[in-house]
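Here the structure is laid out as structure tokens; the discussion comes afterwards.
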Amino acid sequence: MEAASENVGVAASMLNAVLATLKAGQEGDALDLLKCGEEKGIEPDIVSISLCTSLLLSSGDDGSAEDLLGVARKKVRRKRRRAEAAARRKGGGGGKSAFEKADCRILYEDSSFAIVYKPPGMACHGGKDKGKTLEDALRACWGTELSQITEAAGIVHRLDKGVSGCMAVAKTDVAAAKLISAFFKREIKKTYTSLNVGVPDAEEGVVEIPLGFMKLPARSTFKVVGVGEEASQLQVKTSTGRKHQVREHTALGLGTPIISDPLFDKGGDKIVPAAVKKLREEAPKNCFYLHCEELVVPVGVGLTDVDVLVTADVPDFWRLGVESIINKDRSF
């Protein structure tokens, strides 16, 4: 906390890391840490509030948890009003039919949260020149039946615009806090599949390359599930959730960039076979070959007494790649 005056951002990250280690029975310590942080100029962010709220809920202190959720609602109210006004200008509404018309699908739903399919080429939330977003589609589908503590209509994590697949969406504030806490503590499991230029040297293994400007630890486990002519299909599981993690780990750690990834697939047409060139050409605008195929939300987040496991098929434009360059019967 004493370091806050020198670097508030680092101190806030350290505060969240400490809060994530606390267990049931230590909720008083969590609240004391929040108070101490505020005294040192560290305003609690949505992660801090979610970690504390989840701890309070697990101990049965629903009243204190609701007080913290009230703080979170107040913090995002202005930004939500702007987002909601922008959604009205875009022409919101339409219910689930409008949601499906946007190529989104509901994969799982209860009264607390949902897991949806985000199509490739769709940004998660607002910004200039981003067109219709997942946030717009969610507002059309559920309207005000979404968490009020998230800035973007119940969205508690994100996929890059060019990526498709499973995303969790909070309908209640309690579910939002639990989901954000679970993502931060790496309790939610995500599995990706990708089509890549080249073939890794090993059939399976681990990539551990620090990522981001702070060079934070990042760990991914990969397995080759298909091999073709200078191309491969990988299954990747992330133990951390850094920005662009799968994209960077496959490109920089394995030397196999994801096909059509605008950040890393820049090797030039001369070094790849015709099949890969064709895949680059066939990929729709702003889309590439990375897909979150499975999401596992642990028991206790929603209303079920078991883990929620949801899978999503790859987009249709992938099928050309799987059929033309990947031979699952070929030995590694």
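In this structure, the residue pairs whose Cα-Cα separation is over 20 Å, taken from Lys132/Lys185; Lys185/Lys237; Lys96/Lys285; Lys35/Lys215; Lys23/Lys215; Lys132/Lys178, are Lys132/Lys185; Lys96/Lys285; Lys35/Lys215; Lys23/Lys215; Lys132/Lys178. Among the chymotrypsin sites (Phe, Trp or Tyr not before Pro) found in region 163-265, those both in a DSSP coil and sparsely packed, with 13 or fewer other Cβ atoms within 10 Å of their Cβ, are Phe213.
Distance between the modelled labels on Lys223 and Glu281, one decimal in nanometres: 3.5 nm (7 Å Cα→Cβ projection). Alpha-carbon geometry of region 134-275: the Rg and the Dmax are 17.3, 53 Å, given in that order. Amide H contacts of Gly165 (H built 1.01 Å from N, in plane; Pro and chain starts excluded): Lys118, Cys292 sit under 5 Å, all sequence-distant by 5 or more or on other chains.
By the scheme Lys and Arg +1, Asp and Glu -1, what is the net charge of all other residues having a beta-carbon under 14 Å from that of Thr172? Please report the intermediate quantities before stating the final value.
On the way: positive: Arg73, Lys171, Lys178; negative: Asp62, Glu66, Glu109, Asp110, Glu145, Asp173.
It works out to a net charge of -3.
Report the net charge of residues surrounding Lys23, where surrounding means a beta-carbon distance below 12 angstrom and charges are Lys +1, Arg +1, Asp -1, Glu -1. Write down the numbers at each step before the final one.
On the way: positive: Lys185; negative: Glu27, Asp29.
Around Lys23, the surrounding residues sum to -1.
Please give the length that would be gained between Lys237 and Val18 if that part of the chain were fully extended, namely 0.36 nm times their separation in residues minus their C-alpha to C-alpha distance (nm, one decimal). Please list the in-between numbers first.
Working: separation 219, 0.36 × 219 = 78.84 nm, distance 2.50 nm.
The Lys237-Val18 span can extend by a further 76.3 nm.
Rolled with a 1.4 Å probe across the full set of protein chains, the surface gives Met14 an accessible area near 110 Å². The Cα center of region 37-63 and the Cα center of region 206-262 differ in position by 33 Å. Here region 4-62 is assigned +1 on the Cβ of each Lys and Arg and -1 on the Cβ of each Asp and Glu. Its dipole about the Cα centre then comes out at about 160 debye.
Using heavy atoms of the protein chains and a probe of 1.4 Å, the accessible area assigned to Thr250 is about 0 Å².
Basic side chains Lys and Arg get +1 at the Cβ, acidic Asp and Glu get -1 at the Cβ, and with that the dipole of the chain about its Cα centre reaches some 1280 debye. Ranking Gly212, Pro200, His157 by Cα position along the charge dipole of region 157-230, where only Lys, Arg, Asp and Glu carry charges on their C-beta atoms, puts His157 farthest toward the positive end.
In terms of accessible area, using a 1.4 Å probe and ignoring ligands and nucleic acids, Ile258, Ile106 rank largest first as Ile106, Ile258.
Estimated at 0.36 nm per residue, the fully extended path between Glu203 and Ile106 surpasses their Cα-Cα distance by 31.5 nm.
The values are calculated or read from the model by the stated rules, or taken from the named source; none is laboratory data. Bear in mind the structure is a predicted one, so any value in this text is a computation, not a measurement. Positions of Cβ are generated from backbone atoms using ideal geometry, with glycine treated the same way; all protein chains shown enter the neighbour counts. For accessibility, only protein heavy atoms count, side chains too; no ligands or nucleic acids. Shrake-Rupley method; radii C 1.70, N 1.55, O 1.52, S 1.80 Å.
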